[in-house]
Amino acid sequence: MKGSLVDVGQPTLDQLRLFLAVVDEGSFNAAARKLGRAISVVSYGVVALETQLGVTLFDREGSRKPVLTPAGKAMLAQARAVADDIDALIAGVRNFNQGLEAELGLAIDVMFPTPLVAAVLREFQQLYPTVQLRLHVEALGGIAALVVDGEAELGIGGPELVAMPDLEREAIGQVDLIPVAAPDHPLARMEIIPPGEARKHRQLVLTDRSKLTQGRDFSVFSASTWRLGDLGARHALMREGIGWGNMPRHLVKDDLASRRLVHLAIPEWPGMAYRFHALWRRDCPIGPARAWLLDAFRQRLAQCPA
């Protein structure tokens with residue numbers, strides 16, 4: 001025998017909030033006090049909800065404290081989810097009306113210290129829970145390309161590679177970029193590296209995947225190169241002695257301390273300051289969430305040793 005579908009009415013948001021208040025406060029009286037409403041209103045609202053759904057939500061007999069029935073327990077999580085979604089919707093509309101961005105694209109250079117990014121984004125999530133953040137991690141010209149194309153409203157990129165008249169640029173700090181290799185690499189075994197020697201050995205180069213700087217090389221000295229788009233993969237290959245290359249000092253600090261990598265004293269390339277810039281389109285107004293992110297990255301980077 002096929003079961004018949006039972007038609008269920010549509011409860012109101014107010015009825016759901018009354019139900020949740022009784023659960024949270026433990027009684028109809030306490031729920032009424034919390035909501036500032038008459039107990040008869042609370043009781044009637046819950047009864048109306050039960051009528052709409054065709055189930056009994058509370059066992060009211062034998063105790064002054066209402067106890068959830070199996071149906072009430074089954075409905076509780078969904079009722080909370082509905083109420084939370086409505087609260088989020090109201091908060092989002094209120095923030096939008098006050099100028100807060102509904103969503104925000106952020107593009108970060110792979111050289112930027114990851115712990116700083118994580119700390120900033122954790123705080124951002126707490127302060128701006130309604131802003132949908134889109135995070136991109138790219139290298140070199142990839143940051144500017146994302147901002148120019150409108151994929152990101154804020155970019156934290158490295159040194160300026162090509163002139164971009166559509167972008168505003170603000171210097172926010174720097175990290176040290178140094179040449180390194182594994183201890184058993186031929187360059188690392190030399191007490192003094194002669195000028196021009198580094199050109200004879202394979203250099204592991206970070207590839208720019210954007211078209212802005214296609215065909216251009218940056219800090220490339222060797223005639224033999226392997227080009228990788230992933231900084232972590234390049235790091236791993238260096239530790240295996242497959243080639244030498246330039247890495248942010250903060251990223252290889254532990255490797256240098258344990259001598260899994262060594263700092264190469266290459267005479268024509270001792271290293272450089274890798275300067276970070278915040279980038280945004282001139283025709284894109286700065287909202288409060290983007291302004292907060294920019295200030296947070298600036299402050300965090302200033303507190304971080306290069």
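The values are calculated or read from the model by the stated rules, or taken from the named source; none is laboratory data. These figures come from a predicted structure and were not determined experimentally. Neighbour counts are summed over all protein chains in view; Cβ atoms, including those assigned to glycine, are modelled from backbone coordinates with ideal geometry.
Among the residues of the range 80-112, those identified as surrounded by 17 or more Cβ atoms within 10 Å (Cβ to Cβ) and either at pLDDT 85 or above or of a type in the set (Ser, Thr, Tyr) (or both) are 104, 105, 106, 107, 108, 109, 110, 111, 112.
Looking only at residues in the range 210-229 that are modelled with pLDDT under 80 and loosely packed, with under 14 Cβ neighbours inside 10 Å, the one that is nearest to the chain's Cα centre (by Cα) is 211. Of the strands (runs of 3 or more DSSP E) entirely within the range 99-190, those holding at least 2 residues that are among the acidic types (Asp, Glu) occupy 103-109, 167-181.
Take the residues in the range 259-306 that are part of a strand (DSSP E or B) and aliphatic (A, V, I, L, M); name whichever of them is farthest from the chain's Cα centre (by Cα). Write out each step before concluding.
If we filter the range 259-306 for residues that are part of a strand (DSSP E or B), which is where we start, we get 262-263, 272-281.
When the remaining residues are screened for being aliphatic (A, V, I, L, M), the result is 262, 272-273, 278-279.
Values: 262: 32, 272: 28, 273: 26, 278: 16, 279: 17 Å.
Applying the filter and picking the extreme gives 262.
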